[in-house]
Amino acid sequence: MQMKKILVTVVSDQTIPNVLFIKEMQGNADGFLFISTIKMEDKQKTKAIIEACGLTIEKTSTVIVDQDSPFLVKHTIENWLNTFNDSTEFIVNLTGGNKTTTLVVFNVFSKKESNFFYIPIGSKWIVKLNDHFEETQIPLTVQLDLHTYLKANGLYFNSPDALIFTKAQTYQIFQSYKA
C-alpha cells in the first residue's frame with residue numbers, strides 16, 4: 001500500500017514562502033493541511049494561499065488553533081491526526097507561524113512519518129532538516145508571476161487585455177509613472 005502524503009503549512013501573515021513551498025512540492029502531495037488561527041482566517045490568508053496555488057478545496061483541510069496556548073495547539077493537531085492511519089507521510093513546512101506554534105508542530109509531527117522543511121528569508125532554496133539538524137538545500141525552481149503574487153496577498157484583478165510587457169517597456173512605464 002502506497003503512503004498517502006499530506007503537505008502541512010503553518011499559516012501566517014507572510015504568504016509568499018508558503019506559496020513557494022507548496023508550488024515547489026505540491027506534485028509530491030495527495031492532500032494539504034493548513035494550521036491557522038482565527039486572526040489569519042479573518043484575514044483570509046489560508047484562502048489566498050489555496051487560490052494562489054490553484055489547490056482544490058476537496059484536497060485541503062484547515063485546523064484552527066489557539067496560538068496563545070501550546071497545549072491547545074498540540075491537542076487540536078493531535079485530534080486532527082487521529083483521523084489518519086500510520087500509512088500517512090507528512091511534508092511539514094516550518095516557515096510560517098509564531099515560534100511557539102512552530103515548535104509544537106515540530107514536536108507533534110516528529111512522532112509521525114514526517115519530513116521537515118524551512119525557507120530562510122530571502123533565499124532561493126528550501127532547507128530540509130534531518131534528525132541531527134543537518135541541512136540539505138533544495139533549490140527553489142518556482143518563480144511567481146505578478147498575478148500569483150497578488151493573489152497570495154489577497155489582491156485580485158481582472159483585465160480584458162494581456163498584461164505582458166518586455167523589460168524595456170516595463171521600465172518605460174515605470175519612468176513615466178515616476179515623472
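The values are calculated or read from the model by the stated rules, or taken from the named source; none is laboratory data. Nothing here was measured: the structure is a model prediction, and the numbers come from that model. Here the Cβ positions follow ideal geometry from the backbone for every residue, glycine too, while neighbour counts run over all protein chains shown. Protein only, heavy atoms only, side chains kept; ligands, DNA and RNA dropped before computing areas. Shrake-Rupley method; radii C 1.70, N 1.55, O 1.52, S 1.80 Å.
Amide H neighbours of I35 under 5 Å, at least 5 residues apart or on other chains, H built in the peptide plane: list them. Those lying under 5 Å, H to H, from I35 are T9, V10, V11, V63. Run the accessible area of the stretch 84-179 with a 1.4 Å probe and give the carbon-and-sulfur part as a rounded percent. It is 56 percent, rounded to a whole number.
Placing a pseudo-label 7 Å from each Cα along the Cα-to-Cβ vector at S110 and L150 gives an inter-label distance of 4.3 nm.
Calculated mean residue ellipticity at 222 nm for the chain: -10500 deg cm²/dmol, from DSSP H runs with n ≥ 4 weighted as -39500 (n - 2.57), summed, divided by the residue count and rounded to 500. Residue order by solvent-accessible surface for E89, E58, E41, E135 is E58, E135, E41, E89, largest first, with ligands and nucleic acids left out and a 1.4 Å probe. For the Cα trace of the chain, dividing Rg by the Kirkwood Rh returns an Rg/Rh value of 1.03.
Within the accessible area of the stretch 18-64, the carbon and sulfur atoms contribute 47%, probe 1.4 Å, all protein chains present. Across the stretch 105-120, rounded Karplus estimates of 3J(HN,Hα) from the backbone phi angles (6.51 cos²θ - 1.76 cosθ + 1.60, θ = phi - 60°) give 4, 4, 4, 5, 6, 5, 8, 10, 6, 9, 10, 10, 9, 8, 10, x Hz, Gly and Pro being marked x.
Counting Lys and Arg as +1 and Asp and Glu as -1, each charge on the Cβ, what is the dipole of the stretch 22-165 about the Cα centre in debye, to the nearest 20? Using Cβ point charges on Lys, Arg, Asp and Glu, the stretch 22-165 gives about 300 debye.
In the context of the full set of protein chains, residues of the chain present 62 Å² of accessible surface per residue (probe radius 1.4 Å, heavy atoms only).
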